[in-house]
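Below is one structure; the comments refer to it alone.
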Amino acid sequence: MDTISRRNFIETATVAAAASVVGADATKQETAPKPANRIILLPKLPFAENSLAPIISAETIGFHYGKHHTGYVAALNAMLPGSKYAGMTLEEIIVASKADNAAPFFNNAAQIWNHTFYWDSLAPAGSGGKPSKALGEVLSKTFGSVENCARLLAESANKRFGCGWAWLLVRDNKLVIESTSNADTPLTEKGVTPLLCVDVWEHAYYLDYQNRRAAYTQAVTEKLLNWGKASFRYAKRSV
């Protein structure tokens with residue numbers, strides 16, 4: 001093969017190889033898989049089912065956690081494949097679906113998060129500890145005392161019409177007590193750090209208290225609040 005022929009052969013082969021790579025890249029781009037679905041897991045309870053009795057019975061925990069909380073997880077995972085929320089974390093799904101007004105996704109995702117936060121707000125009687133010095137001082141300054149804060153949290157829960165949640169929050173670096181309805185959650189708000197919450201959906205208390213919501217909220221806020229966890233959240237909040 002003479003010099004000119006050899007040069008033409010090399011140039012032709014180089015162009016063909018480059019075209020092959022470009023074609024492969026194009027095919028790769030066209031067939032690139034969508035983000036893989038992220039399975040949303042059901043968090044474990046931070047205590048045994050019978051450890052909150054007699055204030056909250058094992059039967060209530062069995063239905064509340066084993067049926068309701070578990071049901072939200074199953075429903076959300078069934079909807080995720082093929083949706084725009086596939087591959088997102090639970091928190092990302094909540095924020096994005098709220099902005100999209102995608103109620104089925106938001107309701108299930110937010111209820112998963114709210115319930116997990118509720119379980120972490122509780123501790124077997126006597127094991128929840130006391131507020132840290134830093135949190136205790138702010139509680140006393142804001143509400144008069146830790147006990148009065150608990151009373152006002154229960155009062156907020158009792159005043160919530162229908163189903164929802166009562167929250168102890170840090171909002172704009174100040175402690176506040178608020179309630180939300182249905183699946184609404186402070187997670188969608190910027191500058192807000194939830195410290196504790198009380199579930200006032202009827203499935204949280206009806207087996208034990210029937211329609212006596214106030215008896216349930218008083219018992220929970222007086223005896224089961226996890227002040228140690230609230231203190232940790234207060235210390236780790238963004239300021």
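In the context of the full protein assembly, Thr142 retains an accessible surface of approximately 70 Å², using a probe radius of 1.4 Å and ignoring ligands and nucleic acids.
For Lys141, the lysines whose Cα falls under 28 Å of its own Cα, not counting residues fewer than eight places away in the same chain, are Lys130, Lys133, Lys159, Lys174, Lys190, Lys223, Lys229, Lys236. Per-residue SASA remark: Ser140, around 50 Å² accessible (1.4 Å probe; ligands, DNA and RNA not included).
Its Cα gyration tensor gives region 119-160 an equivalent ellipsoid. The semi-axes, each the square root of 5 times an eigenvalue, are 18, 17, 8 Å from largest down.
Classified by the C-alpha gyration tensor, region 106-239 has an oblate form. Its axis ratio a/c, with a ≥ b ≥ c, is 1.5 or above, and a/b does not exceed b/c. Where does region 35-111 land on the Kirkwood hydrodynamic radius, alpha-carbon pairs, in angstrom? This gives a value of 13.5 Å. Accessible surface comparison of Arg213, Arg38, probe 1.4 Å, protein chains only, largest first: the order is Arg38, Arg213. When the solvent-accessible area of region 163-239 is split by element, carbon and sulfur atoms take up 47 percent of it, the probe being 1.4 Å. Using the Cβ-Cβ distance between His68 and Glu147 with R0 set to 30 Å, the FRET efficiency from 1/(1 + (r/R0)^6) comes to roughly 0.50.
Of Thr70, Thr221, the residue with the largest accessible area leads and the full order is Thr70, Thr221 (1.4 Å probe).
Heavy-atom accessible area for Phe117, with the other protein chains in place and a 1.4 Å probe, reaches approximately 20 Å².
The values are calculated or read from the model by the stated rules, or taken from the named source; none is laboratory data. Keep in mind the model is a prediction, meaning the values are calculated, not measured. Note that each Cβ is placed from the backbone with ideal geometry, even for glycine, and that neighbours are counted across all protein chains shown. Accessible surface areas use protein heavy atoms only, side chains included; no ligands, DNA or RNA. Shrake-Rupley method; radii C 1.70, N 1.55, O 1.52, S 1.80 Å.
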